[in-house]
Every structure is written in structure tokens, then in C-alpha cells.
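One structure is given here, and the rest of the page talks about it.
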Amino acid sequence: MKKNYTIILTTIVLGLTIDSCKQSNTSGNAGIKQEYMDTTVLPGDDFNEYANGVWLKKNPVPATENRWGSFNEIEDRNLDRLLSIVNEVSSDKGAAKGTDRQLVGTFYRVAMDSVKAEKDGLAPINPMQDEINLVKTTDDLIKLMARFHKMGIPGAFGFYITSDLKDSKKNTQFISQGGFNLPDKDYYFDPKHESIRNEYMAHIAKMMEMVSAANPEVKVNPQTAYTIESKLAAKAMNSVERRDIQAQYNPTTYVDFKKKYSNINWDLYFSELGGKAFTDVVVEQLNFAAELNTMIKSVSIEDWKAYMHWQLINATAAYLSSNVDKQDFAFFETVLRGTKEMKPRWKRALDKTDGSLGEPLGKLFVEKYFSADAKAKVNTLVDNLTAAYRERIQKLSWMSEPTKKQALTKLDKIIRKLGYPDKWKDHSKMEIADDSYCMNVLRSNTFGYNEMLDKIGKPVDRTEWGMSTPTVNAYYNPSINEIVFPAGIMQPPFFDATADDAANYGGIGAIIGHELTHGFDDQGSQFDGDGNMKDWWTEEDKKQFKARTGLLVKQFSSYVAIDTLKVNGELTLGENIADLGGLTMAYYAYKKSLNGKPSPVINGLTGEQRLFISWAQGWKNNIKPEALKTRLATDPHSPAKFRILGPMSNMQEFYEAFKVQEENKMYMPVSLRSIIW
């Protein structure tokens, strides 16, 4: 289990080929889709409907999805490209063992073999079921948990290694909450989630019935497994509480850690993992750790075994026969997200190939679809956005000079990782074989876990990537102070090399600005330019910052997303700050590119108007009610609609571009607008 404080924008996309950002395109390609727009809606009343109204009506969510928008369009395009790669290498059975072609080809070929999966049934996990059944003592249980954790099978807690929050050059060991499978702690206790809880308990029962039918030696009371999960969740932090980084940084010596949580044989656990010795550890959630320490003794071994049997099938269901795979989908996709049909097997197999073999697949992807000079072209736009950020910081009226100096230093130190890694990891010792899809997944998990364990006692590798090259995503990592844009997201509709600059600034420009702003949001602002959690603000500036971000909390908390459910302004604060900052920086970078000249008018729209429309069309999105409700409870990103309306309502530049007046629904009084960066 690997987790860090990386702040990730989950549904963004970026342009593949970026030309110099000069004012040139006046020939008519506006870079936006006017056929998507519903111009009967006033832009100042509902900009989402104005920019996307026609598209929203014509593009319902497909049965195999729980939402549909720009992100999905790009992902489908990427999957088609990746499919051509895996089809080629999976047919090459003569590839040398340990090569990228062999690893990717064998993994995908076995994942696609549904006939073998049906024939094998649940047999691939029989050895692990036997391991659980052999547990007799607490020490046996601890050793089992260690072996399962290495294979990616969760249970009771998590252990991972990443950079220390106050010494970013040093790797540190972290103990974290875990072992419960509903989307968030509150799902186990909040009355509004009662129907989900009932569905979940029924799901556990159905899954365990199939397990027992396949292996009569496994007999589990579903209520027992659920009860242990709920006890673990009771002392865990919920999604909002986990945004408090300071509260989750509780370093201690390993000696004191063992004494405090002495019911668990930690020496035995770490010996079974196989990692090197260490002298310190960070306990993320203190209340959870104390409860776990109690439960290890208070819960019977037989009950723990029932719990571990459930964790095993839950972790492996998607890689076994169709009966458990479909039941797994029925709860986690249909009940929780509203998805009606499973994706074709090739898409699911390809997703997992990327998840398990991201770098080997990424190398093949880059060789075929990404040119080496693309990094330099992306750099040009990053330069422009960074320059706009520098000017905005220098002109801030609410920030003092000492804090400005620190902010500018941090901005200058941001590391850029664009396209693909400068050096690839060696996967030649990973074993991917023809025996079973499930075992290939578990072996790849083990390879990754051992790779993580090897970091103990070593300095942080600041060249490492946290996403695979084909991933349709991007992120900012405060402990490295880096922005990362994999090659997989570098394509339309967010960038069009033939389009007018305004659309590209409103698309990729605002996205780059978003990631830069994460370095200065409510979490990122707690880290300095070297990635250390360090206070670099004056007290007065912190008060000013909190007052401005507080306006965003209040604004977004007032948005009703569905039924009576509102956006959680505290949970989504970091992303809302980043959206507002990113769009603001994109606007001013675009204005600077005009060199004082008026923006070109194309199809009756000014450049400023097209920039805002481009941002909105990038976030066009339809979503199933079930998925929306789950995201409202757990997702640090606001629903797409409010990622359009929210930032614009704070920007005077938007009011001027579309002549928004007090009578318009998106209008906010100046006193309520959040002006941060």
C-alpha cells in the first residue's frame, strides 16, 4: 500500500503538441465547439449550460460508464492507441523473459483469456485461503497480514515509505489507517448511507457464498467481516479530517512505537515483509492506531480469519471467474456509482495492464505516440504560466514582502516532469507468467511493494514518477515541489495546434496554472520550495489567506449538487483554490501574449470570451446520480458544473468579458468574491 500527500487533479487533460504561444490564429479556428453551446442561456446565468448545453443534452452517460465528459473521450482515444500496442506484443510469444514486450504481452494475453478464467474459477486464491485457515495465533495473523500487504491485499492497516514531510530528502516509514472498503468512514455510521450499508452487507454475503461453494473449507459469517471493518472505521479519520496534514504527522522512534502499540508483534511483521531495519516511524492516525492495537487482542482469531477471507476475495474478485467479478461490479460500480454495464473485457484488461505495468507499457507508448521534442513545447507554455504567476504574486496587495519573497522562491524551485521519465525503472526481474490473471496481478503488486521497501534508509529519488506515462491525469506533489504531466493526457480537446491561442490558454493553460496553484493552496502552502512542511508565512498573511479561502468554502458549500446534497466546501477547498488560480493565471498569461493589442474576434467572440468557453467545455460532463452522491462524500474535487461556475463567479475578468450584471444568477457581490492569487 503506497500513499502520500500528492495532490492530484483527477480528471484533467492536456495538449500533445504545443506550438509557441503567440498571437497568430485569426483565420477562423476558434478552438472551441460552438455547436456544443446553448446561446439561449445567458452566460451570466449558467455558464455551463451556455457553453455546453447542447452537448449535455446529446451525450447521456453510456451504460458502461458512471460519468461522461472530456476525460472519457481522451481516455477512449488512449485505449485505442494502447490496444494496438498490446495486440502486437501479446501475439509475440517469443519475446525474451523480463523484456517490456514479454511482460506487457503476457500480462494482457492472460488477462484476456476468459475461457481459462472460467475454468480456473477461484482456484488461484486457494493457496492464500489455506494460509488463512492455518492461522492459530496472533503472531500467525501478523505474519499473514505482512504477506498479504506485499501482494496488495489490504487488511487492518497500511504501511508505506515516502519522503518525510519535514525532511523531504529522506525516506520515512508511515503507518496509516486502512482495512475498510466503503468509500469513507462516514459510510459506516451516517444515517444517509444506511441503504448503502445494507447493500454492502448483502454483497459480502453473496461473495462469501460463492467462496464457500468453491472451497467448502472456507466458512465465513458475513456480519463478522463487516463488524470488524466498522470497528476499524469508527476510529479512523474521514475525508475532511484527512486534509489536515499536520494532524497526521506524528513521528516517533521505532522503539517507542513498539512499546505504545505492543499488542502487535511489529518485529515479526517487518521481518516477514523483508525490509531493512529502521529507527523511526510516523503514525498518521493516532486514534486508529490505538484502536487497532486493542482490536488485535480483543477480536478473536476466528473472527480475524473471517475478516481476512473477505479482504482476500474483495481484493482479487476482478481477476477471477465471471461470477465473483460480476458481483464485485454490481456493488462497487452499480450501487455506488450507477454504472449499468461492465466495460468490454479488453478495456478492463488494458486498464489493469497499465496499472500493473505502467512503465513498461509507457515505454512502448512513448516510442510509438510521443515525440521527444514535445517536452520542450510543453515547457514553453509552462514558462508563460510561471511568468504570469510571478507577476501576480509581485502585485498582491494583501501579501507582505517577506512572504512574497518566499512564495517567489518556491515558484522558481518547482520541478517539471513532462511527458515521460528521463530514466526508466528496471522491471526485468518481475515475473509475469501464463498461469493466471490473478497471480500476475499479485506478483506485480509484490514487485512494486519490494521496490518500495528498498527505499528504506535511502535518500528520496526525486526523479521518480507517481503516475504511469499513458495515464490521463496530472498532479502536483508538495513534498517534491513538482508538477507532473504524463504523455497520456497530452492531446485534444484541451489543446489544438491549429486553434487560436485563447482556447489553448483556457484549456491546457488553465490546467498548468491549476497544478502550479496547488503549490500555494491550503495544503501546498504548508510546504516550502524544497518540499519540507515549514511555515514561511507571516501571521498577518496567514490570516489574510484564511479569510480569502474562507470565502471559497462558504461559496461552494452553498451549491446544491443533487436533491438536498450540497458541495462540501471544506473537502474541496484545495481544488477550488487551484481552479480559481489556474484560470486566473491562464487569463493573464493570454493577455500578456497579446502584447497590448486587442484580442482577435472569431465568429463573434473575443479572445477573452473564448478562453472562458474553452475552460468550460473542457469540464463538460454528465454523471449518474449514484456516482455524484459518492463523489460529494469523498472527492476533493467539486462536481464539474461547479468547477465552471465557481471560479468564474469570483473573477471580475469574467464579468467584463460577458457583461455580467447584478441581475444575473452567477453574479456575486465584490465583498463575497475570493481574490487570492
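For every residue, the table says whether it meets (1) within 20 Å of THR471 (Cβ to Cβ); (2) polar (S, T, N, Q); (3) surrounded by fewer than 21 Cβ atoms within 10 Å (Cβ to Cβ).
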position	(1), (2), (3)
GLY69	yes, no, no
LEU79	yes, no, yes
LEU83	yes, no, yes
SER90	no, yes, no
GLY98	no, no, yes
LEU103	yes, no, no
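Condition first: outside any helix (DSSP H, G or I), modelled with pLDDT under 90 and either among the β-branched types (Val, Ile, Thr) or more than 30 Å from GLY178 (Cβ to Cβ) (or both). Can you find one or more residues in the stretch 94-106 that meet it?
Step one: filter the stretch 94-106 for residues outside any helix (DSSP H, G or I), giving 94-99.
Okay, now just the ones that are also modelled with pLDDT under 90, so 94.
This time we only want the ones that are either among the β-branched types (Val, Ile, Thr) or more than 30 Å from GLY178 (Cβ to Cβ) (or both), so: 94.
Yes, the stretch 94-106 has at least one match.
Among the residues that make up the stretch 36-54, is at least one of them under 30 Å from GLU333 (Cα atoms) and not assigned by TED's automatic domain parsing to the domain that holds TYR505?
Checked against the condition, which is being under 30 Å from GLU333 (Cα atoms) and not assigned by TED's automatic domain parsing to the domain that holds TYR505, the stretch 36-54 yields at least one hit.
Assess whether VAL220 counts as being of a type outside the set (Phe, Trp, Tyr), within 28 Å of the chain's Cα centre (by Cα), outside any helix (DSSP H, G or I) and at negative phi. Give the steps one after another, and end with the answer.
Values: of a type outside the set (Phe, Trp, Tyr): yes; within 28 Å of the chain's Cα centre (by Cα): no; outside any helix (DSSP H, G or I): yes; at negative phi: yes.
It is false that VAL220 is of a type outside the set (Phe, Trp, Tyr), within 28 Å of the chain's Cα centre (by Cα), outside any helix (DSSP H, G or I) and at negative phi.
Looking at this structure, is THR253 assigned by TED's automatic domain parsing to the domain that holds GLU131, within 23 Å of the chain's Cα centre (by Cα) and at pLDDT 95 or above?
Details: assigned by TED's automatic domain parsing to the domain that holds GLU131: yes; within 23 Å of the chain's Cα centre (by Cα): no; at pLDDT 95 or above: yes.
Taking the combined requirement at face value, the residue does not satisfy it.
Could you list, in sequence order, all residues of the stretch 350-368 that are buried (at least 19 other Cβ atoms within 10 Å of the Cβ), closer than 25 Å to TRP68 by Cβ and in contact with a Lys or Arg (Cβ under 9 Å, 6 or more places away or on another chain)?
Once the filter is applied, which keeps residues that are buried (at least 19 other Cβ atoms within 10 Å of the Cβ), closer than 25 Å to TRP68 by Cβ and in contact with a Lys or Arg (Cβ under 9 Å, 6 or more places away or on another chain), the stretch 350-368 yields only PHE365.
Would you be able to tell me the number of residues in the stretch 567-581 that are among the hydrophobic types (A, V, I, L, M, F, W, C) and either in a helix (DSSP H, G or I) or free of Cβ contacts under 8 Å to residues at least 40 places away in the same chain (or both)? Talk me through it step by step, then tell me what you get.
As a first pass, look at the stretch 567-581 and keep what is among the hydrophobic types (A, V, I, L, M, F, W, C): 567, 571, 573, 577-578, 580.
Adding the requirement that they be either in a helix (DSSP H, G or I) or free of Cβ contacts under 8 Å to residues at least 40 places away in the same chain (or both) leaves 573, 577-578, 580.
Count: 4.
Can you pull out the residues in the stretch 45-69 that are closer than 24 Å to MET651 by Cα and touching a Lys or Arg at 6+ places or on another chain (Cβ under 7 Å)?
Residues of the stretch 45-69 closer than 24 Å to MET651 by Cα: 45-53.
Scanning the stretch 45-69 gives ASP45, ASP46, ASN48, ASN52.
Out of the residues in the stretch 623-654 that are of a type in the set (A, V, I, L, M, F, W, C) and touching a strand residue (DSSP E or B) at 6+ places or on another chain (Cβ under 8 Å), which is nearest to SER671 (Cα to Cα)?
Here is the first cut: in the stretch 623-654, the residues of a type in the set (A, V, I, L, M, F, W, C) are 623, 627-628, 632-633, 640, 642, 644-645, 648, 651, 654.
Of the ones still in play, those that are also touching a strand residue (DSSP E or B) at 6+ places or on another chain (Cβ under 8 Å) are 623, 627-628, 632, 640, 642.
On the way: ILE623: 33, ALA627: 34, LEU628: 31, LEU632: 27, ALA640: 25, PHE642: 20 Å.
Ranking the candidates gives PHE642 first.
Quick check: is even one residue across the stretch 600-620 farther than 12 Å from ALA51 by Cα, of a type outside the set (Gly, Ala, Ser) and under 23 Å from the mean Cα position of the chain (by Cα)?
If we filter the stretch 600-620 for residues that are farther than 12 Å from ALA51 by Cα, which is where we start, we get 600-608.
Remaining after also requiring of a type outside the set (Gly, Ala, Ser): 600-603, 605-606, 608.
Of the ones still in play, those that are also under 23 Å from the mean Cα position of the chain (by Cα) are none.
No; the residues of the stretch 600-620 include none that is farther than 12 Å from ALA51 by Cα, of a type outside the set (Gly, Ala, Ser) and under 23 Å from the mean Cα position of the chain (by Cα).
Just a yes or no: is a residue in the stretch 452-473 over 19 Å from the mean Cα position of the chain (by Cα) and in a helix (DSSP H, G or I)? So that I can check it myself, show each step before the final result.
Of all residues in the stretch 452-473, those over 19 Å from the mean Cα position of the chain (by Cα) come to 452-463.
Those still in the list that are in a helix (DSSP H, G or I) too: 452-453.
Scanning the stretch 452-473, I find at least one residue that is over 19 Å from the mean Cα position of the chain (by Cα) and in a helix (DSSP H, G or I), so the answer is yes.
Go through THR564, THR538 for me and flag whichever is more than 27 Å from ILE508 (Cα to Cα) and in contact (Cβ under 8 Å) with a residue 24 or more places away in the chain. Steps first, please.
Numbers: THR564 fails: in contact (Cβ under 8 Å) with a residue 24 or more places away in the chain.
Exactly one residue qualifies, and that residue is THR538.
So for the stretch 74-81 (the condition being at pLDDT below 95, more than 20 Å from ALA499 (Cβ to Cβ) and among the hydrophobic types (A, V, I, L, M, F, W, C)), does at least one residue qualify?
So far as the stretch 74-81 goes, yes, one or more of its residues are at pLDDT below 95, more than 20 Å from ALA499 (Cβ to Cβ) and among the hydrophobic types (A, V, I, L, M, F, W, C).
Which one is nearest to LEU418 (Cα to Cα) among residues in the stretch 365-383 that are in a helix (DSSP H, G or I) and not hydrophobic (A, V, I, L, M, F, W, C)? Break it down stepwise before answering.
If we filter the stretch 365-383 for residues that are in a helix (DSSP H, G or I), which is where we start, we get 365-369, 374-383.
Then drop every residue that is not not hydrophobic (A, V, I, L, M, F, W, C), which leaves 367-369, 375, 377, 379-380, 383.
On the way: GLU367: 15, LYS368: 17, TYR369: 15, LYS375: 6, LYS377: 10, ASN379: 8, THR380: 12, ASP383: 13 Å.
Among those residues, the one meeting the criterion is LYS375.
Mind listing whichever residues of the stretch 512-559 are at pLDDT 95 or above and either aliphatic (A, V, I, L, M) or not assigned by TED's automatic domain parsing to the domain that holds LYS377 (or both)?
Hits for the stretch 512-559 are LEU516, MET533, ALA547, LEU551, LEU552, VAL553.
From LYS170, LYS136, LYS143, grab the single residue that is assigned to a strand (DSSP E or B) and either of a type in the set (Gly, Ala, Ser) or over 21 Å from the mean Cα position of the chain (by Cα) (or both). Break it down stepwise before answering.
Numbers: LYS136 fails: assigned to a strand (DSSP E or B); LYS143 fails: assigned to a strand (DSSP E or B).
Of the residues listed, the single one that is assigned to a strand (DSSP E or B) and either of a type in the set (Gly, Ala, Ser) or over 21 Å from the mean Cα position of the chain (by Cα) (or both) is LYS170.
When you scan the stretch 582-677 for helices (runs of 4 or more DSSP H) that lie fully inside it, which ones turn up with 1 or more residues that are over 27 Å from GLY519 (Cβ atoms) and in contact with a helix residue (DSSP H, G or I) (Cβ under 7 Å, 6 or more places away or on another chain)?
Numbers: elements: 607-618, 625-634, 640-650, 652-658.
Qualifying helices (runs of 4 or more DSSP H): 607-618, 625-634, 652-658.
It is to be established whether one or more residues within the stretch 120-133 are buried (at least 21 other Cβ atoms within 10 Å of the Cβ), in contact with a Lys or Arg (Cβ under 6 Å, 6 or more places away or on another chain) and within 30 Å of ILE228 (Cα to Cα).
Yes, some residue in the stretch 120-133 is buried (at least 21 other Cβ atoms within 10 Å of the Cβ), in contact with a Lys or Arg (Cβ under 6 Å, 6 or more places away or on another chain) and within 30 Å of ILE228 (Cα to Cα).
Being over 21 Å from GLY152 (Cα atoms) and buried (at least 19 other Cβ atoms within 10 Å of the Cβ) is the filter here, so list the residues in the stretch 186-209 that pass it. Give the steps one after another, and end with the answer.
We begin by selecting, within the stretch 186-209, every residue over 21 Å from GLY152 (Cα atoms); these are 186-203, 205-206, 209.
Within the stretch 186-209, TYR187, TYR188, HIS193, ILE196, TYR200, HIS203 qualify.
In the stretch 528-549, which residue that is assigned to a helix (DSSP H, G or I) and surrounded by 15 or more Cβ atoms within 10 Å (Cβ to Cβ) is nearest to the chain's Cα centre (by Cα)?
Step one: of the stretch 528-549, the residues assigned to a helix (DSSP H, G or I) are 539-549.
If we keep only those that are surrounded by 15 or more Cβ atoms within 10 Å (Cβ to Cβ) too, we end up with 541, 544-545, 548-549.
Values: ASP541: 30, GLN544: 30, PHE545: 26, ARG548: 26, THR549: 23 Å.
Going through the qualifying residues, I end up with THR549.
Yes/no matrix, rows are residues, columns are (1) within 30 Å of ASP186 (Cβ to Cβ); (2) of a type in the set (A, V, I, L, M); (3) in contact (Cβ under 8 Å) with a residue 24 or more places away in the chain; (4) touching a strand residue (DSSP E or B) at 6+ places or on another chain (Cβ under 6 Å):
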{"site": "LYS235", "(1), (2), (3), (4)": "yes, no, yes, no"}
{"site": "LEU268", "(1), (2), (3), (4)": "no, yes, yes, no"}
{"site": "GLU272", "(1), (2), (3), (4)": "no, no, yes, no"}
{"site": "LYS276", "(1), (2), (3), (4)": "no, no, yes, no"}
{"site": "VAL282", "(1), (2), (3), (4)": "yes, yes, yes, yes"}
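Output the residue which, of all residues in the stretch 330-364 that are of a type in the set (Val, Ile, Thr) and part of a helix (DSSP H, G or I), is farthest from ARG77 (Cα to Cα).
Of the stretch 330-364, the ones of a type in the set (Val, Ile, Thr) are 334-335, 339, 353.
From what's left, part of a helix (DSSP H, G or I): 334-335, 353.
Numbers: THR334: 24, VAL335: 28, THR353: 16 Å.
By that ranking, first place goes to VAL335.
The values are calculated or read from the model by the stated rules, or taken from the named source; none is laboratory data. Keep in mind the model is a prediction, meaning the values are calculated, not measured. Cβ: placed from backbone, ideal geometry, glycine included. Neighbour counts: every protein chain shown.
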